[in-house]
């Protein structure tokens, strides 16, 4: 009985260690963006992408790779790569699942040091854009603040 409890504790500790050891995807930059926080953007920050979090030392993103999607200081999401697809123009499309206790998904497109993407965490959306010179902007988006759709255009 004690041996079973000891083994269960060891396995739980190992799982916690591996989840917390997942490499963070972003490294903060202290670059000020000239863009204002106009709706629908609620908050933003600049960062540099650590591509090794998705693929280790290989050039190809690895299915099953665990990484931390550290969008903001108060938002660290454990993720697992679920699918990788080469894009037609080169680069990769990476789909990832956000692990519990959070729930959601991320779609990231990467090519030659540039990453763009979207993260969906319940009703909250995040956008990752490239600013140039290796800098990326991470934005929290309020979808209800997008302008309304235009009326349909009738077919001729």
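The values are calculated or read from the model by the stated rules, or taken from the named source; none is laboratory data. These numbers come from a predicted model, not from an experiment. Quick reminder, even Gly has a Cβ in these numbers, built from the backbone with ideal geometry, and neighbours come from all protein chains shown.
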**Considering residues of the range 91-112 that are more than 17 Å from residue 60 (Cβ to Cβ) and over 10 Å from the mean Cα position of the chain (by Cα) only, the residue surrounded by the most Cβ atoms within 10 Å (Cβ to Cβ)** = 104
**Fill in**
Restricting attention to the range 101-142, the residues that are part of a loop (DSSP other than H, G, I, E, B) and under 17 Å from residue 45 (Cβ atoms) number exactly 3
**Asked** Within the range 61-71, can one find any residue that is within 21 Å of residue 37 (Cα to Cα), in contact (Cβ under 8 Å) with a residue 60 or more places away in the chain and in contact with a strand residue (DSSP E or B) (Cβ under 7 Å, 6 or more places away or on another chain)?
**Response** yes
**Asked** Identify, please: which residue in the range 81-90 is touching a strand residue (DSSP E or B) at 6+ places or on another chain (Cβ under 8 Å) and loosely packed, with under 15 Cβ neighbours inside 10 Å and is, among those, farthest from residue 53 (Cα to Cα)?
**Response** 89
**Prompt:** Looking at residue 151, is it without any contact (Cβ under 8 Å) to a residue 40 or more places away in the chain and either part of a loop (DSSP other than H, G, I, E, B) or closer than 19 Å to residue 44 by Cβ (or both)?
**Reply:** yes
**Request:** Working only within the range 58-80, note down all residues that are buried (at least 17 other Cβ atoms within 10 Å of the Cβ) and outside any strand (DSSP E or B).
**Result:** 61, 65
**Prompt:** Quick one: in the range 30-68, which of the residues that are under 18 Å from residue 118 (Cβ atoms) and touching a helix residue (DSSP H, G or I) at 6+ places or on another chain (Cβ under 9 Å) is modelled with the lowest pLDDT?
**Reply:** 39
